[in-house]
Amino acid sequence: MELAAADPSFLVQPFVERACDGLERLELKDRVRHVATALEDVLPDDPGSIVAILDEALGSPTFSGWMVWPCTELIGRLGPDAPEVIVPFLARLTTRSSCEFAIRPCIEAHPELTFAALERWVDHEEEQVRRLVSEGTRPRLPWGVRLRGLQDDPRPTIALLDRLRDDPSGIVRRSVANHLGDIAKDHPDLATATARRWRDEGGDHVGEVIRHGLRALVKAGDADALELIGYDRAAPVELTTAAIVPERLPIGGEAMVRVQLVAVGDAPVPVVVEYLVHYLGARGPRKAKAYRLAERVLEPGERCDLRRRHTFDHASIRTLYPGDQRVEFQVNGRVLGACTITLHA
């Protein structure tokens with residue numbers, strides 16, 4: 001066992017017994033918390049001593065991946081009480097198991113100290129550390145506690161993203177794009193203004209970061225977001241067919257989405273074509289869910305026929321209800337047509 005090799009006094013048997021007790025009935029994240037608590041029970045009380053043991057374990061190249069996740073959970077718990085010890089250690093630990101969850105308590109409890117470290121890490125030689133700068137500060141990180149202060153005012157993190165937006169590492173750039181997407185959910189104007197500044201300032205990879213970061217705004221038909229990735233909301237395109245066949249379907253059944261459009265201008269026109277389903281909820285129509293049909297460039301006069309099979313069934317995040325479901329068809333964020341499909345039990 002890696003920790004026993006790092007610290008011969010580590011209580012292996014008590015740890016194993018506590019970690020395994022009730023583990024099977026827990027889901028993944030709860031298992032991580034449970035094992036972290038078992039570690040906390042058998043490790044020293046002093047955060048500095050815990051860091052020393054884990055730091056020694058990092059000397060083994062096999063101390064990596066899933067086995068380290070409970071250690072990052074424990075380190076995150078200790079952060080607010082010992083930030084001077086914990087925050088520097090996160091830069092070493094994150095190279096073995098990403099610490100975006102572990103750094104968040106320190107950001108909330110000790111923002112000045114933590115942001116000073118983040119500023120240094122922007123230029124770190126390890127891509128995992130640079131990724132931690134962006135991922136750990138995401139205001140809406142999935143599975144993570146919301147950082148309400150940064151959700152209200154994301155400007156401190158934008159200063160960090162400015163320096164990472166054209167990072168040579170793809171995993172860092174993807175994190176920057178996802179972070180920009182988080183900002184767009186609460187501050188769409190700030191997100192598009194930031195993206196426009198990045199575009200104007202240039203960079204080898206900025207275009208892909210902007211495209212991924214603004215994808216939710218693009219689906220919502222935001223004119224600024226569409227323009228930034230090269231789509232004109234007022235593009236000269238006409239929708240000649242917009243239908244779903246059949247028009248009546250049992251829940252769980254499959255329908256065919258059919259769209260035909262034609263470019264009516266005198267120059268090639270880039271288009272992104274989507275259909276929006278307003279699923280009927282218990283209290284009426286829900287917010288539309290967008291589905292991509294195509295993304296292409298149409299030549300003048302070109303007709304484009306698009307088809308996609310769509311299954312109208314329950315999902316883990318959505319229960320379908322019998323009744324009329326409105327479906328809209330949009331090109332470059334502009335709704336050009338609509339129809340209705342009736343679902344029945």
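The values are calculated or read from the model by the stated rules, or taken from the named source; none is laboratory data. Just so it is clear, the structure is predicted and the values come from calculations on it, not from any experiment. So basically every Cβ, Gly included, is an ideal-geometry build from the backbone, and we count neighbours across all protein chains shown.
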Would you tally the residues in region 69-106 being within 18 Å of E135 (Cα to Cα) and either among the hydrophobic types (A, V, I, L, M, F, W, C) or modelled with pLDDT under 95 (or both)?
13
So, in region 309-332, of the ones that are assigned to a strand (DSSP E or B) and touching a His at 6+ places or on another chain (Cβ under 8 Å), which residue ends up surrounded by the most Cβ atoms within 10 Å (Cβ to Cβ)?
V327
Which of the residues belonging to region 269-287 are exposed (fewer than 13 other Cβ atoms within 10 Å of the Cβ), over 24 Å from the mean Cα position of the chain (by Cα) and of a type outside the set (A, V, I, L, M)?
R283, G284
Being buried (at least 19 other Cβ atoms within 10 Å of the Cβ), under 23 Å from N332 (Cβ atoms) and small (G, A, S) narrows it down to one of A220, A225, so name that one.
A225
Within region 178-201, of all residues that are crowded, with 24+ Cβ neighbours inside 10 Å and under 21 Å from D123 (Cβ atoms), the one farthest from the chain's Cα centre (by Cα) is L180
Being of a type in the set (V, I, T) and under 24 Å from I183 (Cα atoms) narrows it down to one residue among T95, T72, T137; which is it?
T137
Mind checking whether some residue in region 25-44 is within 28 Å of A109 (Cβ to Cβ), under 31 Å from the mean Cα position of the chain (by Cα) and part of a loop (DSSP other than H, G, I, E, B)?
yes
